[in-house]
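Comments concern the structure below.
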Amino acid sequence: PETVALLANHNPLIRNALVLLFAQQDYLELQTPEGKENLKKQARDKVNELLMNEAEKETIEAVLFTNFVMQ
């Protein structure tokens, strides 16, 4: 419950950081399983970094993609 509230409270900041992270990715790299796994780790680390800066707490253990669309 505390983690959900923390994420909801910082949702705009998290969304912005993830959009910027995703925009930096290379199309060819994301076509491989390793590339997708690396992106998940980068996203997890970015969210934890933001939460540590804002709330002094890391709470994200993993990022899961439920849908993956590349344009």
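To keep it simple, each residue is scored yes or no on (1) aliphatic (A, V, I, L, M); (2) more than 14 Å from the chain's Cα centre (by Cα); (3) at pLDDT 95 or above.
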position	(1), (2), (3)
3	no, yes, no
16	no, no, yes
54	no, yes, no
57	no, yes, no
60	yes, no, no
68	no, no, no
Single unsatisfied condition, residue 26 versus (1) assigned to a helix (DSSP H, G or I); (2) surrounded by fewer than 15 Cβ atoms within 10 Å (Cβ to Cβ): (1)
Among (1) more than 11 Å from the chain's Cα centre (by Cα); (2) surrounded by 10 or more Cβ atoms within 10 Å (Cβ to Cβ) - the single one residue 39 does not satisfy: (1)
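Residues that are in contact with an Asp or Glu (Cβ under 8 Å, 6 or more places away or on another chain) and free of Cβ contacts under 8 Å to residues at least 40 places away in the same chain: does the stretch 11-32 have at least one? So that I can check it myself, show each step before the final result.
First, the residues of the stretch 11-32 that are in contact with an Asp or Glu (Cβ under 8 Å, 6 or more places away or on another chain): 13.
Okay, now just the ones that are also free of Cβ contacts under 8 Å to residues at least 40 places away in the same chain, so none.
No, the stretch 11-32 contains no residue that is in contact with an Asp or Glu (Cβ under 8 Å, 6 or more places away or on another chain) and free of Cβ contacts under 8 Å to residues at least 40 places away in the same chain.
Is it the case that some residue within the stretch 2-9 is among the charged types (D, E, K, R) and either outside any helix (DSSP H, G or I) or closer than 22 Å to residue 69 by Cβ (or both)? So that I can check it myself, show each step before the final result.
Of the stretch 2-9, the ones among the charged types (D, E, K, R) are 2.
Next, from what is left, pick out any that are either outside any helix (DSSP H, G or I) or closer than 22 Å to residue 69 by Cβ (or both): none.
No, the stretch 2-9 contains no residue that is among the charged types (D, E, K, R) and either outside any helix (DSSP H, G or I) or closer than 22 Å to residue 69 by Cβ (or both).
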Residue among 14, 60 that alone is in a loop (DSSP other than H, G, I, E, B) and of a type outside the set (Ser, Thr, Tyr): 60
Verdict on residue 49 being surrounded by 11 or more Cβ atoms within 10 Å (Cβ to Cβ), free of Cβ contacts under 8 Å to residues at least 12 places away in the same chain and in a loop (DSSP other than H, G, I, E, B): no
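The values are calculated or read from the model by the stated rules, or taken from the named source; none is laboratory data. Since this is a predicted model, take the numbers as computed values, not measurements. We place every Cβ from the backbone using ideal geometry, glycine too, and count neighbours over all the protein chains shown.
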